[in-house]
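Working notes for the structure below.
We did not get these values from a lab; they are worked out from the coordinates using the rules stated. On a predicted model such as this, the values are computed, not experimentally measured, just so you know. Cβ placement follows ideal geometry from the backbone for every residue including glycine, while neighbour counts extend to all protein chains displayed.
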Amino acid sequence: MTGATLTPSTERAGVRPGAAKATRRAPRRGQRWIAWLFAAPAIAAYALFVLAPMVRTVQYSFYQWDGIGPSPWVGFGNYVRVFTDPELSGTIVHAFELIVFFSGIPVLLGLAIAATIRRIATSRLAAVARAVLFIPQVIPLVAAGIAWSWLLSSDGLVNQLLSAIGLKGVTRAWLGDLGTALPSVGVIGAWVLLGLCTLLLLSGMSKIDPALYEAARLDGAGPLREFFSITLPNLRQEIGVCVTVTVIAALASFDIIYIATQGGPGNTTMVPGLEIYYRAFVERQVGVASALAVVLVVLVLVCVLPIQRLTREES
């Protein structure tokens, strides 16, 4: 037939090509609606328990409210107080200081440990090391805080070991000293996050092509050159995940500090999460607590988004 564009199958069925395409699109649209129906319960729960409280928190931040009585409008007064009150702004400074411990130590030490485990991956020691390093992720943070409080107390195991090796003059109540309380909390956080960072980095190293290391050895590269030329550039995404998780943990820290120091001594370990709790549920300053919570969310986004952009894999 001259000029005919119909395929034999459509000729026999008497169906035009456009109608055939439309019938193929229809099931896809139906599948999309089915997918949305399956996701609807999770979306509803997220909107009810996450989005709605966030909106109400922003709303409360513009009022002076004790949680029961009348709530006069104060505008941005609560936000001004967050940045001008030394007690409130000091908590933000403490959170940024904890980033050094929560993020710097686990990522840097995790890189070294993961590189070492990769070199002995076939030995039994590597499996034991992975299990031991992951133990802090299994232990509840409350239990970890209690255990470290005992270890760092005046007569705890740390001071006993220091005394045994002749460093009794260094011993102190590490969590009760103004100069060592915040670093001690940072060490606890670094211990908790070290295993997670190590396993993430180790999983990233396992996907690197072994041929790259063989070629580097043929060129005479040593372990350090292999690490900086091959391992580190190929771990950009994993490092980004580790830094993101640890920075959020530092800025939003609450559990360990509440159990170990409760913000003391003298507010030296007070962080935004703990200050929000005290302001909202103890001092009944719901508006100030809400403003500090909103500021904390903004700070987390300001810190995390650039990290994600810098570590994003190039197309």
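Of Tyr79, Tyr277, the sequence from fewest to most neighbouring Cβ atoms within 10 angstrom is Tyr277, Tyr79. Before rounding to the nearest 500, sum -39500 (n - 2.57) across all DSSP H runs of length at least 4 in the chain and divide by the residue total; then give [θ] at 222 nm in deg cm²/dmol. Per the formula, -21000 deg cm²/dmol. Only one residue of Asn267, Gly287, Leu235 has its Cα farthest out toward the positive end of the dipole of the stretch 204-298, where Lys and Arg carry +1 and Asp and Glu -1 on Cβ, and that residue is Gly287.
Neighbour counting of Cβ atoms within 10 Å sorts the residues Arg172, Arg312, fewest neighbours leading, into Arg312, Arg172.
The Cα atoms of the chain give a gyration tensor whose axes a ≥ b ≥ c have a/c of 1.5 or more with a/b no greater than b/c, which makes the shape oblate.
Taking a Cβ cut-off of under 13 Å around Arg119, the surrounding Lys, Arg, Asp and Glu residues balance to a net charge of +1, with basic ones at +1 and acidic ones at -1. Summarising the amide proton neighbourhood of Tyr63: residues at separation of 5 or more, or on other chains, whose placed amide H is nearer than 5 Å comprise Val74. Our coupling estimate for the stretch 302-308, obtained by passing each phi through the Karplus curve with A = 6.51, B = -1.76, C = 1.60 and θ = phi - 60°, is 5, 7, 7, 4, x, 4, 4 Hz, Gly and Pro reported as x. To test your reading of the geometry: what angle, between 0 and 90 degrees and rounded to tens, separates the Cα axis of helix 236-251 from the longest principal axis of the chain? Once rounded, one gets 50 degrees.
For the chain, find the longest principal axis of its Cα atoms and tell me its angle to the long axis of helix 181-206, 0 to 90°, nearest 10. With rounding to tens, the tilt is 30 degrees. Note on the chain: GNM, Cα springs under 10 Å; of Ala215, Ala144, Ala249, the largest mean-square fluctuation is that of Ala215. Just to be sure I understand: with springs between alpha-carbon atoms less than 10 Å apart, which residue in Ala143, Ala173, Ala39 has the highest mean-square fluctuation in the Gaussian network model of the chain? It is Ala39.
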